[in-house]
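These notes are about the structure you will find just below.
Since every read-out is calculated from the coordinates, none of them should be taken as a lab result. Since the model is a prediction, treat every value here as computed from it, not as a measurement. Neighbour counts are summed over all protein chains in view; Cβ atoms, including those assigned to glycine, are modelled from backbone coordinates with ideal geometry.
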Amino acid sequence: MNWHGVLAIYRFEMARFWRTLMQSFLSPVLSTSLYFVVFGSAIGSRIEEVEGIQYGAFIVPGLIMLSVMTQGISNASFGIYFPKFLGTIYELLSAPIDHREIVLGYVGAAATKSLFIGVVILGTAALFVDLPVAHPWAMILFMVLTSLSFALMGFIIGIWARSFEQLQLVPLLVVTPLVFLGGAFYSISMLPPIWQSITLFNPVVYLISGFRWSFFDAADVPIAISLGAIAGFTILCLVVIAWIFRTGWRIRS
């Protein structure tokens with residue numbers, strides 16, 4: 001493993017992040033505060049508790065998952081798309097590093113950035129509501145796995161995209177709706193039985209449910225299934241990336 005090459009890519013991507021640190025810091029703080037004003041105050045005044053949990057605290061895991069997923073995708077997709085756009089990806093492919101080290105550098109940096117945003121939102125939420133953490137190690141595990149898996153997904157999107165518009169297509173039209181429909185701001189037990197069954201086909205349900213369990217020891221689906229879902233998604237992304245580099249799909253063409 002060429003760790004010098006991995007660190008070079010990682011540091012280059014992180015340097016771009018530190019240059020816009022204030023923007024990266026303020027954006028999640030302001031958006032989280034707005035969510036609490038709209039959902040916590042307006043809706044929370046009508047729904048005081050969900051499954052015995054204060055509504056303002058109940059929506060925190062969903063807010064964190066929303067930001068971690070979208071940030072992981074956007075950072076990884078932009079990171080690998082720019083070398084394609086500028087043509088410098090050929091220099092990267094001809095360097096003495098293999099595809100595993102390229103993926104590790106870009107995905108590692110994207111996952112680090114999304115984890116940072118997740119921690120910022122968690123700290124911001126703690127200013128608004130009393131936020132217990134029943135299983136801190138499980139919370140860390142879910143945040144790391146989610147940021148890693150969606151950074152891998154973002155890497156795939158960056159390879160697939162042919163324009164800047166396509167980079168935003170999946171996060172805006174797929175991931176964000178799945179989060180909103182995946183129990184981020186409500187419990188799926190509140191839905192009619194038929195919609196509960198339909199919702200279980202949404203993979204984001206398992207991520208949010210498992211992450212919420214780490215806070216409140218309450219989940220919509222068994223924790224083992226949540227861990228299996230995110231592990232399966234991570235493996236699927238790794239298989240797709242391995243195929244991309246083996247075939248050169250949209251990299252060498």
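Structure data summary
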read-out	value
Taking Asp130, Asp98 and counting other C-beta atoms within 10 Å, the order from fewest to most	Asp130, Asp98
Order by protection proxy (mean Cβ within 10 Å, highest first), peptides 48-60, 112-124, 150-162, 225-237	150-162, 112-124, 48-60, 225-237
Charge dipole of region 3-247 about the Cα centre (unit charges at C-beta), most positive-ward option of Leu238, Ala57, Val119	Leu238
Nitroxide proxy distance, nm - points 7 Å out along Cα→Cβ at Asn2 and Thr88	1.6 nm
Percentage relative contact order, the chain, counting C-alpha pairs under 8 Å, at least six apart	26 percent
Check: region 1-145 dipole with +1 on Lys, Arg Cβ and -1 on Asp, Glu Cβ, in debye	420 debye
Listed residue (Val107, Trp137, Leu200) projecting farthest to the positive dipole end of the chain, Cβ model	Val107
Test item: Cα-centred dipole of the chain, Lys/Arg +1 and Asp/Glu -1 on Cβ, debye	860 debye
